[in-house]
1. Would you mind checking K49/K150; K42/K77; K63/K150 for any pair whose Cα atoms are more than 29 angstrom apart?
2. Can you return the aspartates and glutamates within cross-link range of K39? Criterion is Cα-Cα under 12 Å, with same-chain partners fewer than 8 residues away left out.
3. Which whole-Hz ³J(HN,Hα) couplings does the range 49-66 yield from phi under the Karplus relation 6.51 cos²θ - 1.76 cosθ + 1.60, θ = phi - 60°, glycine and proline marked x?
4. Taking θ = phi - 60°, what integer Hz values does the Karplus form 6.51 cos²θ - 1.76 cosθ + 1.60 yield along the range 22-32, in sequence order, with x for Gly and Pro?
5. What shape does the range 14-90 take by its C-alpha gyration tensor, where a ≥ b ≥ c are the square roots of the eigenvalues and a/c under 1.5 counts as rounded, a/b above b/c as prolate, and the rest as oblate?
6. For the range 104-111, what does the Karplus curve 6.51 cos²θ - 1.76 cosθ + 1.60, with θ = phi - 60°, yield as ³J(HN,Hα) per residue in whole Hz, taken in order and with x for Gly and Pro?
7. Please report, in whole Å, how far the alpha carbons of the range 92-154 spread along each principal axis, starting with the longest.
8. Find the relative contact order for the chain and round it to a whole percent, using C-alpha pairs within less than 8 Å whose residues are 6+ positions apart.
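What follows draws every value from the coordinates through simple rules; no lab data is involved. In this text, all values refer to a predicted model and were calculated from it rather than measured experimentally. As a convention, Cβ positions derive from the backbone with ideal geometry for all residues, glycine included, and neighbour counts pool all protein chains shown.
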Amino acid sequence: METPRQERATTFGEEIDLLFMEFMKSDAPYEQCRRELLKLEKRWLRKAKTPAHRLAVQRIIAKTLLTEAFGFGMPWKEFGRWLRRIQNLGFRDLGMRVHVTCLYVQTLDLFPRRAREAWAMLEDTERRVRRLRRERPLREEHLESISHAKKVSRVSPPPPR
């Protein structure tokens, strides 16, 4: 006998994973993904015992929705909403900053007027990554992600002012 998703999953991460399995099985459209992720956020915000836990839930959901907006090629109104939310909540770590910035640069063909801001954000992120010690394992991985985003972006960096 199968139990509901909430009873099977004990952690927030497990619930997100189960939700994505359902999305993949049903080939869910973006609107359904957004709706279900926001329901999950609401449920976990009620369970959160500390402000730090609430912030972590909000950041994960915002990052996930930004990634989904990217994957579905959503317009600025939707993509920008989640980008701004993440920026307001703050990046959890450098890896999250790299991920978000790379997605932003890669979507510029959909909203090229945002190029100056996106490329400036990428330059800032790259500077932060380069400040990591060379022996840090994630340094090279982050630099590869940034390099890939630069390569596949269909909008060139604007000339300096």
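1. In this structure, K49/K150 lie more than 29 Å apart at Cα.
2. By straight Cα distance, K39 reaches E15.
3. Karplus values, whole Hz, x for Gly and Pro: 9, 10, x, 5, 5, 4, 4, 4, 4, 4, 5, 5, 5, 4, 5, 5, 5, 5.
4. 5, 4, 5, 4, 9, 6, 5, x, 4, 4, 5
5. Oblate, since a/c reaches 1.5 and b/c is not below a/b.
6. Residue by residue, the range 104-111 yields 4, 5, 6, 9, 4, 5, 7, 9 Hz.
7. Sorted from largest, the Cα extents of the range 92-154 read 37, 19, 17 Å.
8. 17 percent
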